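Visitor: Quick one: the structure is below, questions incoming.
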Amino acid sequence: MILDFIKEHLHASSPLTMGLLLSIVLAGLFAQPSARWPRRFLLTVMVAYWFLATRSGSTLLVAGLSRGFSALESREAARGADAVVVLGGGAATFEGGGQVVGALTMSSILRALEGARVAKLIGARLVVASGGQPRPDLVQKPESEMLGAVLVAAGVPADRIVQESSSKTTLEQARLIPILLRERGIDRFVLVTSPVHMSRSLALFRAQGIDPVPSVSSMRSEHLPAASFIVPEQSTLAVSDEALYDYMAWIYYWWKGWLRGRPASQARSPAVSVSPENPGPPAATYPWLAPLVEELTQNA
């Protein structure tokens, strides 16, 4: 419960976080009207938020987590991988009139689009859409189902998609996906996730003795203009927020000991007749996705 509360409310772009920071300033001014520290604290907060909401800040934060990773550019670079694993990055569902519709975050959509691109590049025989329901009370469909819809809309045959819908965390994905792949005789796979999530994801898979080939998605839709170095933007703050979350997750996972395992040199790929089950739903299941995916892919 505490972790869920922190994840949902105590992040840079959260109104609660902003309110708490402002409350500190107001409390300081009320208690010590002539004190300088509340004003200095407020100035520090304003500068920090300006930094996080501009390209200079978000680029620096992302670079600290994504150094050394890039998108796969050739079939040869896949080192014989014939499967793709796409890790989800968040989703929401909306209910009305007895109907439930799912919507992926921008990060999840971009990961799915990258997964589809890589799958077509290497001729993948299997694509795993991974993501469950971390909060079933809030998200009423597994994220894997929504990822599968984007993959199909982006050109991946539905019979090549397998949903992994049991995981609730990256740790669970790293533990469950190798089992799923071994059952299907997959020898090596390409791991697709965001630049800020890749380092932690690879560490977790390697801790399981698995060494996937990384391919990172974009942090922003390619059709959008570049973020400003000066003018703060909400979308840029969201990128910084995602990066800050993964820095904190790194610390938490390290503290729990989940990142320790076999070194990469000793890691292996999950060794394994592909008979896909739980294929992704047809694009018609989420008709609202078609124009969005078409717009994004046309500008790729």
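Visitor: Kindly put Lys168, Lys256 in sequence by how many other C-beta atoms sit within 10 Å of each C-beta, fewest to most.
Guide: Numbers: Lys168 14, Lys256 10.
If I rank by nearby Cβ atoms, fewest first, I get Lys256, Lys168.
Visitor: Can you tell me the order of 64-72, 170-178, 142-150 when each peptide is scored by its average per-residue count of other Cβ atoms within 10 angstrom, highest first?
Guide: 142-150, 170-178, 64-72
Visitor: While we're looking at this one, here's another question. Report for the chain the percent antiparallel among DSSP-assigned beta bridges with both residues inside it, nearest 5.
Guide: Among the beta bridges of the chain, antiparallel pairing accounts for roughly 25 percent.
Visitor: Within the set of other residues whose C-beta is less than 12 Å from the C-beta of Val192, count the net charge using Lys and Arg as +1 and Asp and Glu as -1.
Guide: +1
Visitor: Right, next: What residues qualify as long-range amide H neighbours of Glu164, i.e. H under 5 Å apart, gap of 5 or more or another chain, H built at 1.01 Å from N?
Guide: Here Ala129, Ser130, Gly131 satisfy the definition.
Visitor: Let me ask another. Given the -39500 (n - 2.57) contribution per DSSP H run of 4+ residues, what per-residue ellipticity at 222 nm results for the chain, rounded to the nearest 500 deg cm²/dmol? Write down the numbers at each step before the final one.
Guide: On the way: 10 runs with 140 residues, N = 300.
Mean residue ellipticity at 222 nm (helix-derived): -15000 deg cm²/dmol.
Visitor: I would also like to ask the following. Give me Rg/Rg_expected for segment 165-260, where Rg uses Cα atoms only and Rg_expected = 2.2 N^0.38 Å with N residues.
Guide: My calculation over the Cα atoms of segment 165-260 gives 1.27.
Visitor: OK, next. Give me the net charge for the shell around Ser218: Cβ to Cβ below 13 angstrom, other residues only, Lys and Arg +1, Asp and Glu -1.
Guide: Values: positive: Arg111, Arg117, Arg220; negative: Glu114, Glu222, Glu242.
Once positives and negatives cancel, what remains is 0.
Visitor: Can you give me the distance in nm between label points at Ser14 and Ala48, each placed 7 Å from the Cα along the Cα-to-Cβ direction?
Guide: Once both label points are built, they end up 1.4 nm from each other.
Visitor: Cα-Cα pairs above 32 Å in the chain: how many percent?
Guide: 30
Visitor: May I ask for log10 I(q)/I(0) of segment 2-52 at q = 0.16, 0.18, 0.19, 0.22 Å⁻¹, from a Debye sum over the Cα atoms as equal point scatterers with solvent left out?
Guide: Each listed q maps to, in turn, -0.52, -0.63, -0.68, -0.81.
Visitor: May I ask for the net charge around Leu26, where only other residues with Cβ less than 15 Å from the Cβ of Leu26 are counted and Lys, Arg are +1 while Asp, Glu are -1?
Guide: Values: positive: Arg39, Arg40; negative: none.
With Lys, Arg at +1 and Asp, Glu at -1, the net is +2.
Visitor: Sorted by mean Cβ packing within 10 Å, highest first, what order do the peptides 30-40, 188-198 take?
Guide: Taking the mean over residues of other Cβ atoms within 10 Å, the ranking is 188-198, 30-40.
Visitor: Additional query: Using amide H atoms built in the peptide plane, which far-off residues or other-chain residues are under 5 Å from Val216 H to H?
Guide: Answer set, sorted by chain and number: Ser70, Ala71, Leu72.
Visitor: Continuing with this model, one more query. When the Karplus curve 6.51 cos²θ - 1.76 cosθ + 1.60 is applied with θ = phi - 60°, which whole-Hz ³J(HN,Hα) does each residue of segment 163-168 get, with x for Gly and Pro?
Guide: 8, 10, 10, 9, 6, 10
Visitor: Let me ask you something else. Between Trp255 and Asp137, what is the spin-label point distance in nm, taking each point 7 Å from the Cα along the Cα→C-beta axis?
Guide: 2.4
Visitor: Among the lysines, select those whose C-alpha is under 24 Å from the C-alpha of Lys7, and discard any that sit fewer than 8 residues away in the same chain.
Guide: Lys141, Lys168, Lys256
Visitor: Let me ask something else about it. Could you list, bin by bin from short to long, the percent of Cα-Cα pairs of segment 78-127 in 5 Å steps?
Guide: 5, 19, 21, 15, 13, 12, 7, 4, 2, 1
Since every read-out is calculated from the coordinates, none of them should be taken as a lab result. Since the model is a prediction, treat every value here as computed from it, not as a measurement. Neighbour counts run over all protein chains shown; Cβ positions are idealised from the backbone, glycine included.
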